[in-house]
Amino acid sequence: MSFSNIYYKDSDLYVEECSLAEIAKDMGTPLYVYSAQTIRANFRAYSQALQNQPHLVAYSVKAASNLSILNLIREEGGGADIVSGGELSRAQAAGISPQKIVFSGVGKTTQEMAQALKAGILMFNVESVPELTVLATVAGDLGLVAKVAFRVNPDIDPKTHPYIATGFKETKFGIPISEAFDLYQKAAADPRLSVIGLDCHIGSQLTSVEPMKATAERLNLLLDKLSAGGITLKYLDIGGGLGINYHGETPPSPVEWVATMASLLAKRKELTLVLEPGRSIVGPAGLLLTRVLYDKVTPYKRFFIVDGAMNDLIRPSLYDSYHEILPVLDRQRPLSLVSVVGPVCESGDFLAKDRQMPLAEPGELLATLGAGAYGFSMSSNYNSRPRPAEVLVDGKSFKTIRTRETLADLLKGETL
Ligand SMILES: *Cc1c(COP(=O)(O)O)cnc(C)c1O
């Protein structure tokens, strides 16, 4: 199960061998808490599934980009999938080898291209013809060669939330797969470019292998056509996107996920397989710990007003996503229909809506699960709220991996 390192013991909720009540006493709330063991286990599920194949697991930095999390990934032998110069700096600061870094994204700036070229990253996942033109110019000016994969758009409906579906033809992502062959030929003839890979990422929170299977078939046809045309590649990057269990979903395991690629890989032993998982590694490993401020009952609704809000965890507001919420103190109590909301001045500010939950008293702690991915990394200072601290639990001990922002932090860089 995905939340395996989160459990009740002695009527208290634990992460690994640390009590959340104790952690909150030390660190305050709202607070992000991650399990190092869960992150390691989820990473290893990929490397083990790929053990018979040359591979690179390039963790998607945007899912959770704290340096200590990136350091865990580095220790496990992982690389990084980045989408900005900022993420490149983070990956480098964590000591991830540039040779394990791939750069995705539709809007790379010339500065970011130069930064990545000088760093010597493994490859750019190029998403458009104009981007290719600019990349070739930047590389030429620097006297460097840009290693390139094309991110193709296979026109597959990944059957996920529209905001995180990227592989159908109307999105801004990738190059229409029908146009890819011509582009490979064009790029192969350019001395400022070295064409080494094929890339694809069809969406996030995928809960079935079917879209991946359909994608594999289309990639296969393109690879055949490319080798017939004299273009042999070294890397096949199939992106990330494997879903997790937020609320009864039953996503495939990394083994099943990789197996959908099997037919494709069987005849292409020369290819190094690159994966870019984010959510499936850190999502189940993290939770947002909040404290109940008020139990507000109106003639129409009941609200638990907590000290965490949409600025700390925007997924419920942005995607209408469901996160399980557990009281930290485990005791018998009646259920009631409640919405868990924050202090932010938006009706869209909620962590849970109209849910049967155990009644909680002001001062009690609530844990919002499955918040490790796209939680802290999407947080903001909206309503001038300092962002939460982050804590990493490892066995019996925990450490602060990001301090709570202060009021002074909020004013940094501003002038009167
Ligand atoms: C966001 C993203 C990923 C990671 O997706 P997950 O669903 O978190 O695994 C991988 N590749 C690219 C290009 C992305 O934009």
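Derivation of every value follows stated rules applied to the coordinates shown; laboratory data play no part. Just so it is clear, the structure is predicted and the values come from calculations on it, not from any experiment. All Cβ positions, glycine included, derive from the backbone under ideal geometry; neighbour counts span all protein chains shown.
Of the DSSP H helices in the chain, those that are both long (alpha-carbon extent of 24 Å or more along the helix axis) and hydrophobic (Kyte-Doolittle mean at least -1.0) are 210-228.
Only Cα pairs under 8 Å and 6+ residues apart enter the sum, and on that basis the relative contact order of the chain stands at 20 percent. Put simply, the C-alpha atoms of segment 335-416 give a gyration tensor, and the ellipsoid matching it has half-axes of 26, 21, 12 Å, longest first.
For a protection proxy built on the mean count of beta-carbon atoms within 10 angstrom, sort 61-72, 98-109, 218-229 highest first, please.
Most protected by this proxy first, the peptides run 61-72, 98-109, 218-229.
What does the C-alpha gyration tensor say about the overall shape of segment 9-154? Classify as rounded when a/c is under 1.5, otherwise prolate if a/b is larger than b/c, or oblate. Verdict is prolate for segment 9-154. By other beta-carbon atoms within 10 Å, ranking Thr272, Thr160, Thr403 with the fewest at the front produces Thr403, Thr272, Thr160.
From the Cα gyration tensor of the chain, with a ≥ b ≥ c the square roots of its eigenvalues, which class applies: rounded if a/c is under 1.5, or else prolate if a/b is larger than b/c, or else oblate?
prolate
Taking every alpha-carbon pair in segment 100-140 and binning the separations at 5 Å intervals from zero gives 5, 26, 40, 24, 5, 0 percent. Gly85 sits among other residues whose Cβ lies under 9 Å from its own Cβ, and their net charge, with Lys and Arg +1 and Asp and Glu -1, is -1. Taking a sphere under 14 Å around the Cβ of Gly243 and counting the other residues whose Cβ falls inside, with K and R at +1 and D and E at -1, yields a net charge of 0. Diffusion coefficient (Stokes-Einstein, Kirkwood radius over C-alpha pairs, 10 °C, 1.306 mPa s) for segment 1-75: 111 µm²/s, rounded to a whole number. Cβ crowding within 10 Å, taken as a proxy for footprinting-reagent exposure, orders Glu75, Glu112 from fewest neighbours to most as Glu75, Glu112.
Compute for segment 274-354: radius of gyration divided by Kirkwood radius, i.e. Rg/Rh, restricted to C-alpha atoms, rounded to two decimals.
That ratio is 1.02, to two decimals.
Looking at segment 284-365, which chymotrypsin sites (Phe, Trp or Tyr not before Pro) are in a loop (DSSP not H, G, I, E or B) and have at most 12 other Cβ atoms within 10 Å?
Tyr300
Based on DSSP H segments of at least four residues, each scored -39500 (n - 2.57), the chain has a per-residue ellipticity at 222 nm of -8000 deg cm²/dmol.
Roughly what would the spin-label model give for Ser194 and Ser336, points 7 Å off Cα along C-beta, in nm? Rounded to a tenth, the inter-label distance reads 6.5 nm. Extents of segment 65-277, largest first, come to 52, 44, 33 Å (Cα atoms, principal axes, whole angstrom).
Above 14 angstrom, tally the Cα pairs of segment 85-157 and express them as a % of all pairs, no decimals. Roughly 57 percent, once rounded to a whole number. By the beta-carbon count within 10 Å of each Cβ, the least crowded to most crowded order of Met113, Met378, fewest first, is Met378, Met113. The gain in end-to-end length when the Ser4 to Lys225 segment is fully stretched comes to 75.1 nm, 0.36 nm per residue minus the alpha carbon separation.
What is the sum of charges, Lys and Arg at +1 and Asp and Glu at -1, for the other residues whose Cβ falls under 13 Å from the Cβ of Leu117?
+2
Ignoring lysines fewer than eight residues from Lys9 along the same chain, the ones with Cα atoms less than 23 angstrom from its Cα are Lys25, Lys396, Lys399. When you count the other C-beta atoms within 10 angstrom of each residue and take the mean per peptide, 407-413, 190-196, 81-87, 390-396 line up highest first as 81-87, 390-396, 190-196, 407-413.
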